[in-house]
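A.B. asks: Below: one structure in structure tokens.
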Amino acid sequence: MKVLVINCGSSSLKYQLIDTAGEQVLAKGLVERIGIEGSLITHRARGQKVQQQTEIPDHKVAIKLVVDALLSPDHGALKSLDEIAAVGHRVVHGGEKFADSVIINDEVMTTLSDCADLAPLHNPANIIGIKACQGLLPNVPQVAVFDTAFHQTMPPQAYIYGLPYEYYEQYGIRRYGFHGTSHKYVSQRAAKLLGRPLADLKLVTCHLGNGSSITAVKDGQSIDTSLGFGTISGTIMGTRSGDVDPAAIPYIMEQAGLSAAEMNDILYKKSGLLGISGISSDARDVEEAANNGNQRARLALDILCYLTRKYIGAYAAAMGGLDAIVFTAGIGENSVTIRNQICQGLEFLGAKLDPTKNNTRGQEIDVSTPDSTVRILIIPTNEELMIAQDTAELVGKKVN
Ligand code: ADP
């Protein structure tokens with residue numbers, strides 16, 4: 001089945017056309033600077049890369065350009081739009097309403113709008129993308145796949161904060177968790193790689209990229225995860241702070257005379273690797289600076305590795321055991337040194353990294369020693385394929 005996967009941001013749109021039968025990417029691309037001067041579409045298919053700079057005032061025009069690129073006799077991947085069986089949309093926040101992917105109808109659209117307050121930067125863009133696709137492909141089923149859905153299996157003890165319970169009831173303040181599509185995908189791949197049923201496994205999946213989260217996956221279900229109500233908590237990230245004592249926040253605001261919006265900006269955009277190192281949000285730059293003797297860059301990496309290790313230990317305790325640790329996303333897939341440093345000190349759990357096997361990047365591989373009782377896996381994530389597969393499954397059920 002050919003599925004068009006759409007990941008719509010406020011000013012950008014990523015897409016992939018995937019043939020789910022062969023797990024094959026037929027075309028992919030990126031539309032940038034939507035509604036801003038210098039808009040651009042970059043399209044790749046049939047071994048070609050085509051770029052076109054043109055006015056792209058809104059998402060509807062962006063989707064039209066994507067459709068035109070897909071149909072191009074020269075660099076397209078489709079003869080007719082009828083070949084698209086479904087569109088799968090990445091939607092950031094599904095609140096408590098969506099514990100799984102859904103076929104979009106009017107009721108779903110209303111509920112999505114209700115969730116927009118919870119993710120004001122993302123959900124409105126996702127809704128715009130869905131409406132634009134509905135306009136251009138009115139007869140094609142559209143599916144929403146949520147970043148939060150996989151974590152809806154968490155028990156209340158993991159998602160309720162120690163705040164007055166009314167805030168949960170009135171404002172929906174609770175741990176939601178994110179990167180769910182990635183955690184679900186790598187869990188499924190881990191089970192395949194280990195040759196064991198997912199339903200019998202205790203996994204800690206470490207999605208370490210610009211944004212990072214660590215998840216305890218027990219018997220195939222998320223039972224706890226490090227991101228929470230927003231996308232700040234847990235280990236430090238490129239520009240996000242990770243765990244901070246909440247008492248520090250109003251104190252800083254009072255001392256520095258900051259508004260809530262300014263404080264939010266600092267926690268989301270000026271903290272983490274960037275804030276501690278003062279160098280960069282990019283782990284490669286921070287690693288290079290640390291190797292050249294920069295102490296704050298070294299400290300930033302030490303904190304990233306320490307917090308990640310702490311979460312692995314905590315989640316092993318939460319699950320009452322551990323079968324495998326999975327590393328994924330930009331840092332998890334690529335950084336030999338960060339993986340190595342995280343695993344130092346986990347031997348007591350039975351997790352032993354083989355430094356020779358670990359000297360690799362971007363491939364699906366078991367990098368633990370033969371006598372390690374906890375397997376350590378690198379699994380490149382593939383959120384687009386997961387979205388396409390979920391979409392194909394839902395649409396297939398509807399057709400049959
Ligand atoms: P996003 O969360 O935006 O999807 P990615 O998963 O692409 O981000 O991860 C980006 C991070 O991965 C950056 O910090 C980048 O430095 C890091 N990264 C990519 N390649 C390497 C590498 N070879 N070594 C260390 N870090 C890397």
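A.B. asks: Residue check: is Thr308 within 12 Å of the ligand (Cβ to nearest atom) and in contact with a helix residue (DSSP H, G or I) (Cβ under 7 Å, 6 or more places away or on another chain)?
C.D. replies: Here the answer is no, as Thr308 does not meet what is asked.
A.B. asks: Please work out which one of (1) of a type in the set (Ser, Thr, Tyr); (2) within 16 Å of the ligand (Cβ to nearest atom); (3) open to solvent by 40 Å² or more (accessible area, probe 1.4 Å) is the condition Ser241 fails and give its number.
C.D. replies: Single failed check for Ser241: (3).
A.B. asks: Against the definition (basic (Lys, Arg) and at pLDDT below 95), how does Arg44 come out, yes or no?
C.D. replies: no
A.B. asks: OK, next. How do the strands (runs of 3 or more DSSP E) wholly within the stretch 185-262 filter down when requiring 1 or more residues that are over 16 Å from Phe327 (Cα atoms) and touching a residue at least 12 places away in the same chain (Cβ under 8 Å): which remain?
C.D. replies: In the stretch 185-262, the matching strands (runs of 3 or more DSSP E) lie at 212-218, 221-225.
A.B. asks: When you go through Val92, Val66, Val102 one by one, which is the residue that is in contact with a Phe, Trp or Tyr (Cβ under 8 Å, 6 or more places away or on another chain), over 19 Å from Lys28 (Cα atoms) and either buried (at least 16 other Cβ atoms within 10 Å of the Cβ) or hydroxyl-bearing (Ser, Thr, Tyr) (or both)?
C.D. replies: The match here is Val92.
A.B. asks: Would you be able to say whether some residue in the stretch 271-289 is aliphatic (A, V, I, L, M) and under 28 Å from Lys202 (Cβ atoms)?
C.D. replies: yes
A.B. asks: Working carefully through the options Glu333, Glu384, find the one that is within 16 Å of the ligand (Cβ to nearest atom), crowded, with 17+ Cβ neighbours inside 10 Å and over 22 Å from Val204 (Cβ atoms).
C.D. replies: Glu384
A.B. asks: Test Leu227 against the stated conditions and say whether it is closer than 25 Å to Gly172 by Cα and open to solvent by less than 30 Å² (accessible area, probe 1.4 Å).
C.D. replies: yes
A.B. asks: Oh, and also: Taking Val140, is it within 21 Å of Cys8 (Cβ to Cβ), part of a loop (DSSP other than H, G, I, E, B) and over 18 Å from the mean Cα position of the chain (by Cα)?
C.D. replies: yes
A.B. asks: Give me a count of the residues in the stretch 194-207 that are within 14 Å of Gly177 (Cα to Cα) and either touching a Phe, Trp or Tyr at 6+ places or on another chain (Cβ under 8 Å) or away from the ligand (no atom under 16 Å from the Cβ) (or both).
C.D. replies: 1
A.B. asks: Given the options Gly313, Gly345, Gly320, name the one that is more than 25 Å from the chain's Cα centre (by Cα), more than 13 Å from the ligand (Cβ to nearest atom) and closer than 20 Å to Thr235 by Cα.
C.D. replies: When all the criteria are applied, what remains is Gly345.
A.B. asks: Assess whether Arg298 counts as being within 16 Å of the ligand (Cβ to nearest atom), of a type outside the set (A, V, I, L, M), closer than 30 Å to Ile6 by Cβ and out of contact with any Phe, Trp or Tyr (no Cβ under 7 Å at 6 or more places or on another chain).
C.D. replies: no
A.B. asks: Name the single residue, out of those in the stretch 208-227 being among the aliphatic types (A, V, I, L, M) and within 14 Å of Tyr159 (Cα to Cα), that is farthest from the ligand (Cβ to nearest atom).
C.D. replies: Ile223
A.B. asks: So in the stretch 365-381, with the set limited to residues that are out of contact with any Gly (no Cβ under 9 Å at 6 or more places or on another chain) and within 16 Å of the ligand (Cβ to nearest atom), which one is farthest from His179 (Cα to Cα)?
C.D. replies: Val367
A.B. asks: Does Cys133 satisfy the condition of being farther than 22 Å from Asp19 by Cα, open to solvent by less than 10 Å² (accessible area, probe 1.4 Å) and not acidic (Asp, Glu)?
C.D. replies: No.
A.B. asks: Determine which member of the set Leu118, Leu81, Leu71 is aliphatic (A, V, I, L, M), modelled with pLDDT of 95 or more and open to solvent by 20 Å² or more (accessible area, probe 1.4 Å).
C.D. replies: Leu71
A.B. asks: Take the residues in the stretch 136-155 that are of a type outside the set (A, V, I, L, M, F, W, C) and either within 26 Å of Met237 (Cα to Cα) or touching a residue at least 24 places away in the same chain (Cβ under 8 Å) (or both); name whichever of them is most open to solvent (accessible area, probe 1.4 Å).
C.D. replies: Thr153
The values are calculated or read from the model by the stated rules, or taken from the named source; none is laboratory data. The structure displayed is predicted, hence computed values, not measured ones. Backbone-built Cβ (ideal geometry, glycine too); neighbour counts: all protein chains shown. Side chains included, ligands, DNA and RNA excluded: accessible areas come from the protein's heavy atoms. Shrake-Rupley method; radii C 1.70, N 1.55, O 1.52, S 1.80 Å.
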